[in-house]
1. State to the nearest 20 debye the size of the charge dipole of chain A about its Cα centre, where the only charges are +1 on K and R beta carbons and -1 on D and E beta carbons.
2. Farthest toward the dipole's positive end in segment B:35-175, which of B:Met107, B:Gly46, B:Gly164, given Cβ charges of +1 (Lys, Arg) and -1 (Asp, Glu) about the Cα centre?
3. Can you work out the PRE-style zone for B:Ala542? Point 7 Å along Cα to Cβ, and I want the residues of segment B:223-248 with backbone N under 19 Å.
4. Counting other C-beta atoms within 10 Å, which of B:His558, B:His488 has the fewest, and how do the rest follow?
5. Determine, from the Cβ-Cβ distance of A:Asp171 and C:Leu299 and an R0 of 25 Å, the FRET efficiency 1/(1 + (r/R0)^6), rounded to the nearest 0.05.
6. Quick one: if the Förster radius is 41 Å, what FRET efficiency do A:Val259 and B:Ser431 give, using the C-beta to C-beta distance and rounding to 0.05?
7. In segment C:151-287, with Lys and Arg counted as +1 and Asp and Glu as -1 at Cβ, which of these residues, C:Phe163, C:Val248, C:Leu284, has the Cα nearest the positive end of the dipole, that is, farthest along it?
8. For an R0 of 51 angstrom, estimate the FRET efficiency from the Cβ-Cβ distance between C:Leu116 and C:Gln29 and round to the nearest 0.05.
Amino acid sequence: MTATARRRGLPRVVRSILRSRSATIGFGLVLLHVLLALLAPVLAQHDPVVNDPNAVLQLPGGAYPLGTDTLGRDILSRTLYGGRYALTTSLTATAIVVLLGTVIAGLAAFYGGWLDDLITRVLDSVLAVPAILSLLVVVTVFGSGTWVLIMAIVVVYTGGVIRIVRAAAMDVLPRDYVTAARARGEGVWYILAREVLPNILDVVLVEFAMRASWVLLLISSLSFLGFGANPPTPDWGLMVAENRSLMALVPLATVAPMVSLATLIVGLNLASDGLAKSLGVDRMKEIVG
Amino acid sequence: MTAVVEIKDLGVSYTSGDRRVDVLSEVTLRLERGDVLGLVGESGSGKSTLAGTLLASLRTSSFISSGTVTVEGQDVFQLQGRKLREFRATRVALVPQNAGAALTPTMKIVDQLAEAFAKEGLASRQERRARAEELLKTVRLPNPAAALDRYPHQFSGGQQQRIGIAMALAARPSVLVLDEPTTGLDVVTQAAILDTLSRLQRELGMSMVLVSHDLGVIDRMCTHIAVLRDGRIVESGPTRTVLSEPAHAYTRGLIASVPRIAVPGIPPSIDGTDALTVREAPTGTAKVLEVRDLTVDYRHKHVPGTGPTVHGVELDVHAGEIVALVGESGSGKSTIANVIAGLQRREAGTLTLSGATTLEPTVARRTKPVRQAVQFIFQNADTSLNPRRTVRNAVDRPLRLFDVRGRSVEKTLAEVDLDGGFAERLPGQLSGGQRQRVGIARAMAAEPTLVLADEIVSALDVSVQSSILRLMDRLSREKGLGVLFITHDLAVVRAVADRIVVLYLGRVVEQGRVDDIFGEVGHPYTRILLDAVIELGDDHDAAAPARQDEIPDAPPEHGCAFASRCPLVRDVCRVETPPVVPLSPTHTIHCHVVGAEQ
Amino acid sequence: MPTRMVLVRLGGALVTILLSAVLVFAAIQSLPGDAATQILGQNATPEAVATLRTQLGLDQPPVQRFLSWLGHALTGDFGTSLASGEPVGSEVGHALLNTSFLAAVTILVGFVLACLLGLVAGIFRDRWPDSVISTLALIGMSVPEFIVATLLVLLFAIKIPIFPAVVTAGSNATIAELLPSMALPALALVLVSAAYIIRMMRTSVIDVMETDYVRTARLKGVAPVRLVLRHVVPSAILPTLNVIAMNVAWLIGGVVVVESIFNYPGLGTLMIRSVQNRDLPVILLIAVLSAVTYVLCNLLADLAAVLLNPRLRYPRRAR
């Protein structure tokens, strides 16, 4: 056997990602955002949520490198903390979505029959209602706020994950090694955890990276519409909405969160492309299901 | 005579990372007009790559590292754009290995054929249709006029291969390149296609290059042969000379390792370390499996005129015995294995293990000792092992699950001739033969009494095949293991089986000891199968013309399943289920005609 | 066309639509407070609220209310808007018409272009046309709608004022009045939705280019244009149909951000207003309409696939 085949799992994936320029840029961007978010308390010189009537609409420079908004809040600090908010909410929501989706998908694929039919039918109905409408309804029912937002995302996005992971699991289940396990009389959890999961982990990982970017898009859009993060939370979408009308006056108040959001999502997209390529998963098929 | 094809010092390579890998090196060949050249070798020998170079076709990352390929005086790798297209459209045509995948699924047959003779400039639609129909007639496609407006998926594998040949012939090429044209087809279909090909070759005076791993096919078809190994030609010359007096040790080993119906026993290994092994059937051992009146029905609802997929199957396996279950694709042989393993439900029938335990229909209802006693070995070693789990995981699991005492992973691996070092490897780091050994080890770890081996050697090269057969022989003798050996390959059956059960459309047509089945008298279907087998050293000119019909989709509701194809058919065959006729104490057939004559 | 298949699918589609209506109804049912309190405000007397509730039929049990809604809906009566007092059917219908018009412009211009770009990218895989198109597609799928829309307004309405920034005509504007202000919203929608179509088309073109049958056609000497049109495109468009269907469904039911930025009087704007007002009849009808669109788009994609794919059109082997 060749040397390439003997290299095990993770190092091989990392190497193949580093070989691709765009994947490296993607992971670089995500890493940069993570670092900025971690270092936000150190880098930010002002409290992101405290109003300062004496420093309203300051131009960039001096104590305010990116200027201030209508309430006199430092735009740099708000943008930095905005990254914290964006990353924690979107990653938490995505993690819950993917975990829940994977478990349900595994069970649906394994048992098939009426359970599978029921799950697919309900899923289809959830997916048939536009995501944004379901989100608006959930947010209105439970009031806005971070946890409600995360719950809303779970309601809306778990269906998509189930669809994809179920298809991947259905692809693995008829393989002979699963048949061998069935013939031995193995239980459902053993088969799903030991035989199926290792072989769909690549799909699950790519799904995670991709959903994270969508979730980020959705959370910021909701905040922009006024249904997401409550003011004065330093959320990028909210910041754009608050300062959009003053673009001529303090352009950076809109541009800074826009650029941050766009670079993070581009980063996540490039990263999931790179991950998909090095793991051999077809990302477009992921989207369609 | 002028050379149609001349290959000089050809080298093909590709780069993987920083390394250059040679696929072909120093290949020199000459093909005269009207010659048929066979390229033979095991997988990875570079034979398909070499065939592709005749059409100036290489895989994307490959390149020519030395030498030239000249067809009718034209250096093919110098051609580009329009000139290359014209060359491919008129001089050399390819019949690909899997015609089912090589025909565009969204285009009608007539349009695909018309593309191939577009250069003739037939003006009207009528003319093009007439020409296409004529081509389909040439390759003996049934009902050619109706076929024109159909799509590829509406034909059987054999018919698709015929269309592929028609498409290649359409351009009236000087050279026809055939890449494993009959691999994956049943023996009867293979014989028919090869018959058609050699007739066309004679009539059109074409030169042909035939790629095959099957020495019998090469012997049947080719005037000349080139044996490839690791991208080099080890030996070439006229077929008869090379096959009867091989000069190179590799050629000798290759020829010797091919299992043959004419030579009973497991062939020697390719390096000659293991000699021909003839099995001795065990006598007086206990029954480990008894199948009675087994019926399986795939039909969701009753389709008039058709019967259940598997019906009335009865067979026994004794300890230490290898029983071969033989049939073409669609004969229900894998279905039967799945039912025995409890992976598929049955409509009727009883299965008894070791004369006492009744086998429940599903795995879930079987007790642990029963699940332990019946083990499965799969056809495709690539998919039978979890690619993310080590060999140790695979072998250790049954040891723990069934609480097997006094046996370790290492000991189990040693039984299948793998050393302990393999335990930590992943399936991707093993060769096909090694993977199949691990599959066998996983079954043996449970210390079973009955093993179901489903086509376990069909995907392997002959050299590996004989070593796996030898392993199965040893395990069955040493452990007193009953083996139900499922295969479509009669030569493999001849090599390893003690008794044979012949299936046709889910019905047993004949069963008996290996000598009974390969003897003089038997079921007409078995006769047809045996006649269709093409073997090294047969007198191919004396062979009867091949039958051009194919196996139907579903068994009939009444009468003998084989009636629609039987040369001896009588009225009664279409109405009444054939009786079981004993030809000898060990040999029975299910037939209205042959039995009656006795 | 296999009629049985169509009937089975239609039956499934009806169940899906009904189930979506139930889900949305149930969700809104659990709203704290209801339309009555919403309309009358915090300071209303309990008596006034109770009277309005009876008037609106809110005092009946949920199951009965859903069934009565369903009964009326089947006769084309979707009730009256709790907020505006107008018939829901005409209010939603008007918004739907506006949204459909915007969607039609986007689909005609954007999706056709997207398929072509995807085809070009797939054919010129890993060469410069592919790099350019793929990069654009990546940016398209990464930048949120509200950023795209905001930038477009900044660029084409403020810096170079050639298009109006927002729709100034009221919510009852006619299509003709809306037409000039449609350019920017449509452009924003094209930019956002074309990305996925481009990527899917590219991927499936690459897949098809690597099949045995395309290799065989090449080795037959088929000319490049014919190769692409006859051998590649028919198979490559099949998986793309589903992505197109998803996008069409989104264009009808999900364009909230772009519509609200441009103040476009479509379903999205109406949706936000109704959610804010807890206007159950309006929300329900929007949800049902969206579900119908979603189901219909998928059904049409499947039917188109059957028409394009002979394997589905003639499922049986010829005898």
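1. With Lys and Arg at +1 and Asp and Glu at -1, about 1040 debye.
2. B:Met107
3. Within reach of a label on B:Ala542, which here means backbone N under 19 Å from a point 7 Å along Cα→Cβ, segment B:223-248 contributes B:240-241, B:244.
4. Fewest to most other Cβ atoms nearby, the residues stand as B:His558, B:His488.
5. So the FRET efficiency works out to roughly 0.50.
6. Efficiency for this residue pair is about 0.15.
7. Positive-most Cα among the choices belongs to C:Val248.
8. 0.60
Coordinate-derived values only; no laboratory data. Fair warning: this is a prediction, and the values are worked out from it, not measured in the lab. Note that we place each Cβ from the backbone using ideal geometry, even for glycine, and neighbour counts take in every protein chain shown.
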